[in-house]
Amino acid sequence: MRLFNISFWSIFLGLLLAITAVLAQDAGADAAEPAAEATTVTPPTDATVDLDPATYASLVKNGKGTWWIKHYSPYCPHCKAIAPIWAKVADDVASDPNAADFHFGNIDCVSHGDLCDAHGVTAYPTFILFQDGKVVEEYGKTRSRTFEGLKEYAMSHMNSHATVAGASADLGIGSAQTKLSTPAAGQATPGGTPNPNGVSVPLDFASFTKLVTSSRDGYFIKFYVPWCGHCQAMEPAWLELARQMQGKLNIAEVNCENEKKLCNDARLRGYPSLMYFVGSERVEYDGLRGVGDLVAFANKAISAKVRSVSATEFEEIEKREEVIFLYFYDDNTAKEDFDALDRVALPLIGHAPLYTTTSSVLASRFRVTTFPRLVAISDGRPSYYTALSPRDMRDHLKVLAWMKTVWLPILPELSAANSHEIMQGRTVVLAILDKSKEEEFDIAKKELKAAALEYIDTQVGEEKAERQSQRELKEMKIEEANDKGDEKALKEAQNMHIVLPPRKTVGFAWVDGLFWERWLQKTYGIDVRETGQRVIINDEDSKSYWDQTIDGVPIVPVSRAVVLETLKTVLENKNKIKRKSTTSKFVNFVHAIKDTTRGYPFAIMSFCVGVVLVLAWWWKGKIRRLSRSISSSHTTISSSPIGGKFD
């Protein structure tokens, strides 16, 4: 019985400590900053490459190396079943040192039916092997489709074509390993024509110092190691990027296995790491690794310069840019101000352009009367950088910190690069849209942006009313103190600060439901091909989301009234509409405890202690009665004659 009591108290003590830990964590949550961890909404990646007609033409048909391509339909059950196996095979093979020129591709035959028809695809999934742009063979439909069978086939063909990398290297398009044995010829000298030969040039410590850090030329650089599977998988895209940037932008690469000091100085977070350098300043690219994504970033890097703009030119820029930074200056603006402005241009790449102006028309439009003045314009709405002194305008880190708070569009597209920025620490209205249905897509985006603007206007109005209410209260207290001649009360009233209560930050965004189909199904159980376009309200802090209105029907993006009404309900009472979890049931249970106890940690802790004590007292009495019963039975049996009879 003693052993049982010890176990019993251990269990209850453990339960009490667990509850206390949850409450302690919740009590400090508001004071602490969010942990720097990967957000659950970051879309996953693997070593396969999703191909469309354009990327197929550039990477496969007109490219070099071996491509094993899966042709599939997103509706096909067999395709869905084999998808994780195919991804695991690709990841395993990509980690092999000989896999530099062996690639795995996917072609969605629903989206790109003409391409699948051209390959003679009649059933899903169909696996076809290509070598240097030509069909080698189709993987037989009766062959093994297990992980072992697929991997064995890939490894056998990878080894049989291992000599291709060496032959390609002689043409200047080989793997990164081979190219590093060549000198950094073909790259522009500092100040000359960038990337004259359209190649990615290997750099060592000496050439990096001479060409990159000692010049003001722009360089887009890949840091990699030869054995990295993801580095090998993105090699074709990197080579195509270099080709398209011929005469426009320098493309280079550093083998971190050979240049350890250089890579240590770069403070890399992983492989491959992609960085754009101008002199010793840099910005890291953390977007998608497809050719189109890399080229888009490179083009933005080329134009990442502070340029002057007139009122007429600004009108044209507004039509194509969602967010614009506009720097107003006059003849009295100092050189130190422009120097600080130049230093923030680089980190803005991929976010928003930066322009300077002396236009009186623009100054009048945006009510700028003091110079210099920095304004962010999003959908025609200005936000102003508050500089209390000239030093604040010349502190580029402080300026950049402000820019980061306003550089997101009102309705940004969610991507792997910006998911943490958009979702972390905020309640987000996320529209899952189908870009293949152009008319529906445009209507949904328009309606969601209108909802976002209406929400912003409402918030601004409420904050303005709250601020005015506090001002009136302050004035009333001052008048009352004056009437009474109470100097102490007058001083207290005059020192009252206008402080608005904290509000949960709310954002709006949309995501391509076709491109991120696998991740959206796994995280939210939504497939736009089957369900149509949907809206979910995501709370990343609690790993929860809502996908229904208060009436229990799905939230659709074509009604801003429904979206805003559901958002209001969720913000006012998260439990009024059934929430769903993006995590396991246990984690969801912990968050439920935290939500329940928020604001009452000590009261709840006392209640839990009381429950434990009551249960302990009840169990103790029950155990005592059970013990007496067992002892009584033992005594009766022991007192009976050994050889006696029992009726």
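The values are calculated or read from the model by the stated rules, or taken from the named source; none is laboratory data. These numbers were taken from a predicted model, which means no experiment stands behind them. When we count neighbours, we look across all protein chains shown, and the Cβ atoms used for this are built from the backbone with ideal geometry, even at glycine. Side chains included, ligands, DNA and RNA excluded: accessible areas come from the protein's heavy atoms. Shrake-Rupley method; radii C 1.70, N 1.55, O 1.52, S 1.80 Å.
Of note:
- Candidates I536, I526, filtered to the one that is under 14 Å from T427 (Cβ atoms) and either out of contact with any Leu (no Cβ under 7 Å at 6 or more places or on another chain) or modelled with pLDDT of 90 or more (or both): I536
- Filter pass, T582 being polar (S, T, N, Q), touching a Gly at 6+ places or on another chain (Cβ under 8 Å) and touching a residue at least 60 places away in the same chain (Cβ under 8 Å): no
- Residues located in the range 544-582, provided they are open to solvent by 60 Å² or more (accessible area, probe 1.4 Å) and assigned to a strand (DSSP E or B): Q548, P554, K580
- Residue check for L514: touching a residue at least 12 places away in the same chain (Cβ under 8 Å), farther than 19 Å from E413 by Cβ, assigned to a loop (DSSP other than H, G, I, E, B) and open to solvent by less than 60 Å² (accessible area, probe 1.4 Å): no
- Of all residues in the range 405-456, those that are among the basic types (K, R) and out of contact with any strand residue (DSSP E or B) (no Cβ under 8 Å at 6 or more places or on another chain) total 2.
- When the residues of the range 265-284 are filtered to those that are open to solvent by 70 Å² or more (accessible area, probe 1.4 Å) and of a type in the set (D, E, K, R), the one that is nearest to T48 (Cα to Cα) is R269.
- Residue ID - nearest to K435 (Cα to Cα), chosen from residues in the range 80-93 that are of a type in the set (D, E, K, R) and at pLDDT below 85: D91
- Residue match in the range 490-505 (condition: at pLDDT 90 or above, crowded, with 19+ Cβ neighbours inside 10 Å and either touching a Pro at 6+ places or on another chain (Cβ under 7 Å) or in a helix (DSSP H, G or I) (or both)): no
- In the condition set (1) of a type in the set (V, I, T); (2) touching a helix residue (DSSP H, G or I) at 6+ places or on another chain (Cβ under 8 Å); (3) under 29 Å from Y285 (Cβ atoms), V361 is compliant with all but (3).
- Test: residue in the range 52-61 that is open to solvent by 10 Å² or more (accessible area, probe 1.4 Å), assigned to a helix (DSSP H, G or I), under 25 Å from W227 (Cα atoms) and in contact with a Lys or Arg (Cβ under 7 Å, 6 or more places away or on another chain): no
- For the range 285-320, filtered to residues that are free of Cβ contacts under 8 Å to residues at least 12 places away in the same chain and over 27 Å from G105 (Cβ atoms), the residue that is surrounded by the fewest Cβ atoms within 10 Å (Cβ to Cβ) is K319.
- Filtered residues of the range 66-86 (kept if of a type in the set (A, V, I, L, M, F, W, C), free of Cβ contacts under 8 Å to residues at least 60 places away in the same chain and surrounded by fewer than 19 Cβ atoms within 10 Å (Cβ to Cβ)): C76, A81
- Looking at the range 203-264, the helices (runs of 4 or more DSSP H) lying wholly inside it that each contain 2 or more residues that are open to solvent by less than 40 Å² (accessible area, probe 1.4 Å) and among the acidic types (D, E) sit at 235-244.
- Residue within the range 454-471 that is assigned to a loop (DSSP other than H, G, I, E, B), in contact (Cβ under 8 Å) with a residue 12 or more places away in the chain and under 24 Å from R560 (Cα atoms) present: no
- Pair list, Cβ under 8 Å, 6 or more apart: the range 422-439 residue within 20 Å of R529 (Cα to Cα), other residue modelled with pLDDT of 95 or more and surrounded by fewer than 16 Cβ atoms within 10 Å (Cβ to Cβ): none
- Of all residues making up the range 320-353, the number that are closer than 21 Å to A298 by Cα and among the acidic types (D, E): 3
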